[in-house]
1. Given the structure, is Thr29 among the β-branched types (Val, Ile, Thr), assigned to a helix (DSSP H, G or I) and surrounded by 12 or more Cβ atoms within 10 Å (Cβ to Cβ)?
2. Quick check on the range 1-25: of everything there that is open to solvent by less than 60 Å² (accessible area, probe 1.4 Å), free of Cβ contacts under 8 Å to residues at least 60 places away in the same chain and not in a helix (DSSP H, G or I), which residue is farthest from Phe60 (Cα to Cα)?
3. If I go through the range 32-52 residue by residue, how many of them are closer than 14 Å to Glu64 by Cβ, open to solvent by less than 90 Å² (accessible area, probe 1.4 Å) and not aliphatic (A, V, I, L, M)?
4. Does the range 32-69 hold any residues that are part of a loop (DSSP other than H, G, I, E, B) and in contact (Cβ under 8 Å) with a residue 12 or more places away in the chain, and which are they?
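The values are calculated or read from the model by the stated rules, or taken from the named source; none is laboratory data. The structure presented is a predicted model; accordingly, all values stated were derived computationally and were not measured. Backbone-built Cβ (ideal geometry, glycine too); neighbour counts: all protein chains shown. SASA here: full protein model, heavy atoms, side chains in, ligands and nucleic acids out. Shrake-Rupley method; radii C 1.70, N 1.55, O 1.52, S 1.80 Å.
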Amino acid sequence: MLQNLKAEMTRRKIGTSDIGRVIGKSTRTATDKVSGRYPFTINEAKTIRDSFFQGMDLEFLFAEASSDE
């Protein structure tokens, strides 16, 4: 799961439908990607960062949570 991305989305009131819109995917696909079921491409990650999280580090936003967290 992308806990940092989800936390920042919550702080900024950004929904998965907003993420899907900017990457050109359905809300369902965006939800699957945010939940970690499917990965974001690097271009999608950059688009999300540039659209909603300017100045934030990609590695921080898209860090995978370890299984023991």
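1. Yes, satisfied.
2. Among them, the one singled out is Gly15.
3. 4
4. Within the range 32-69, Ser35, Gly36, Phe40, Phe53, Met56, Phe62, Ala63, Glu64, Ala65, Glu69 meet the criteria.
Every residue, every condition in (1) within 19 Å of Lys13 (Cα to Cα); (2) acidic (Asp, Glu), yes or no:
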site: Thr31; (1), (2): yes, no
site: Arg37; (1), (2): no, no
site: Phe40; (1), (2): no, no
site: Asn43; (1), (2): no, no
site: Ile48; (1), (2): yes, no
site: Glu59; (1), (2): no, yes
site: Ala63; (1), (2): no, no
